[in-house]
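Structure, as structure tokens:
The values are calculated or read from the model by the stated rules, or taken from the named source; none is laboratory data. What you see is a predicted model, and the numbers here were worked out from it, not measured in a lab. Cβ placement follows ideal geometry from the backbone for every residue including glycine, while neighbour counts extend to all protein chains displayed. Accessible surface is based on the protein model in full, side chains and every heavy atom, while ligands, DNA and RNA are left aside. Shrake-Rupley method; radii C 1.70, N 1.55, O 1.52, S 1.80 Å.
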Amino acid sequence: MGDQMLLEVVLEGQWEALFPLTCSTPYQACHITMDTTEYKTCLTVFTLFGVLSICWCAPQRFCEPGGDNSGRCNNGPDEEKPAVCSEINLGYCNDLDYSRTIFPNILGQQSRHEVESGPEYLLLSVIHGLLNGECSPDIRLLGCSVLAPRCQELPSPAPVKSCRSACEAVRKGCGHAFEGIDMAWPYFLDCDRFFAGEQEGCHDPLAPLRARQEVVFSNLSPDEPSTIIQFTYHSNAQMYSVLKRTAAKCSHISRTYSIGRSTEGKDLLAIEFTDNPGGHELLEPEIKLVGNMHGNEVLGRQLLLYLAQYLCSVSPWQPAYQTLVNTTRIHILASMNPDGYELAAAEVEDSNDPEQQPHHNQEGHELNGWTVGRTNAQNLDLNRNFPDLTSILYRNRRIKRFRTDHIPIPDSYWFGKIASETYAVMKWIRSVPFVQSASLHGGELVISYPFDFSRHLHEERMFSPTPDEQAFKQLARTYADSHASMADNNTERCGASFIRSGGIINGALWYSFPGGMSDFNYLHTNCLEITVELGCDKFPSEEELYPEWLRNKEALLSFMESVHRGIKGVVKDEEGYGIKGASVSVRGIRKDVTTAEEGDYWRLMNSGTHIITASAKGYSKVSKRIYLPAHMEKAGRVNFVLKKVPVQPVGPDYHLFLRSSLDTYDRFDPYNHFQSYGRSEPGEPREPREPREPGMGGEPGMGGEWQEKEKPWWWNYFTQAGVSAPTWLLRN
Ligand SMILES: [Zn+2]
């Protein structure tokens, strides 16, 4: 035994000197079981034949990765070596809360070197990168506690297994992250096999981590909810994970769903909050918050992720829960442009890397991200990519019966370049009866509201109000006035001056552009959308994220609550059935809202006396005079019952205000076309794709079903490193 110990030391010195970089595996193979004679032979053989010869000298190992479903190697006959506690000395496990371990470890690995050269340890060393930082200290520490278990000295040196409860908690919280990269849960983190219960005296390897997180939490202000929101930037993978974890944690009031995919195939993942997630409820207004439409304008994306976690944390007796979650359906799309975000984030990272830019100044984050990543992967500015219905309105506005609502998408639009992100959002906007919306941007500190496109072609800055100017102004005021500094006269602006208007402005008066999302919302649906410019810095430094959340939190909550303003009700027939698609108009406002599936409608409007009229094809009109007091906690209820009448013959200009029944949307729906490709049988020759713009839903990866099953991208991490390939990481 003394000899062997000595040999180990000698071997380390010798072989590391000979193989400073490349030989850890054969070195380890040799050193584990060789006796002195073999060692001499080994050195001789090595000298003669070089690297490839080394393992000749090692006794045969029965090492079949995955063969016994444990991935562990069998080293043949056991050596009679009394176990002792020793220092851990594993670089990736040096932050465990104990310093001494014992071999063989829980997997039966006999030495530090065997651990270091195994795929299990390699996985722990790369897991942070593979999962984009998600769950990485947790999984690493958990894995380390299996590879290098705590050594208990008395009564005799023995390994202490880690707690099953800790393993199960990690598995629950992080299992989806592995699914996300198509990786199986590592066999050695099997909570049943390699972990122990509390009554067996297990060790909790994650206790110090939790203690650290609690310190972070206790530094937050006391009125913050009792959940750990990490005020850092989130990669796309981390964003998906935060959304899914939040929805899982709050499954009684939340769920995630996809509205489509980006040009590069990334999920456009939305999260909803309501008392009864998954569908519309009669008279419950729906709102949406959209962030990161411009990929380089990132603060809104972060704020929406914090908002989702905040909503998940409010308890049922808090006012925010009563007024929001119980009575509203809130949809959050934190990133409308994840492809652009990735570019912008990489740019900022480069500029912050001193090796990339030796003369970089400290404010690099302000100088960068200004334009890189603004557009989507096809270089389309998504806020110029929606159907330009505003021009159609302007062209027809002098026609008496032409109305400012539910203008169909013109055929010509479908022949242009349409981003898949734009398409997904259009489909979303059309399928949910949204009442109001906010699109979160950056680069200025102001709220702008429609129209964004000037009513005079050659006037770049011209006040161009919608018929709902008063409602829009109030909506914009709601956000600006609850924001810490937006309405503040002394705030230094980023270039423009909005002092006279108190931090809000008509979009076209600020600067005019066609094809914007807010104009489309207004002219194609019932939804009133404002644009929130959150600040001068489009990509603020990470330290700004928490202060920005505090500056915007009340504003976001007030904005959402303001959907319960104005009136709402149901338009029914005489038998009590709701009438879908009925119009509700307000005298003096040339824009109708239409009723949803069950005849319910919402109408944001200011206080005062109004005449409201409900009408539907085949029914008589009904008008009501209402008085809306200035301060109402809820929307006023105005219901209508319409009588059936014989249908009137259609007049010559009827088509001008015909509702969306003749809409081109369904005829041109590119997604429907795409789906028929996705369904072709495997093995069958695929039909050639119709020529269409890239990103129109024709990108590989969107359908997925017919893609070849290849090794996942992370497989290279393992095969190139020279370890036995961990087939146990492959799913199925
Ligand atoms: Zn923007």
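Does at least one position in the stretch 399-418 carry a residue that is within 16 Å of the ligand (Cβ to nearest atom) and within 23 Å of the chain's Cα centre (by Cα)? No, the conditions are met nowhere in the stretch 399-418. Take the residues in the stretch 621-635 that are part of a loop (DSSP other than H, G, I, E, B) and either open to solvent by less than 100 Å² (accessible area, probe 1.4 Å) or of a type in the set (D, E, K, R) (or both), then tell me which one is modelled with the highest pLDDT. Applying the filter and picking the extreme gives 621. Scanning the stretch 95-132 for residues that are farther than 23 Å from residue 196 by Cβ, within 32 Å of the chain's Cα centre (by Cα) and open to solvent by 20 Å² or more (accessible area, probe 1.4 Å) yields 122, 125, 126, 128, 129, 132. The strands (runs of 3 or more DSSP E) found wholly in the stretch 518-592 and carrying at least 2 residues that are small (Gly, Ala, Ser) and over 22 Å from the mean Cα position of the chain (by Cα) occupy 583-586.
If the condition is being more than 11 Å from residue 332 (Cβ to Cβ) and more than 14 Å from the ligand (Cβ to nearest atom), then the stretch 288-309 contributes only 302.
Residue 236 - would you say it is touching a Pro at 6+ places or on another chain (Cβ under 6 Å) and within 22 Å of residue 372 (Cα to Cα)? Judged against the criteria, residue 236 is a match.
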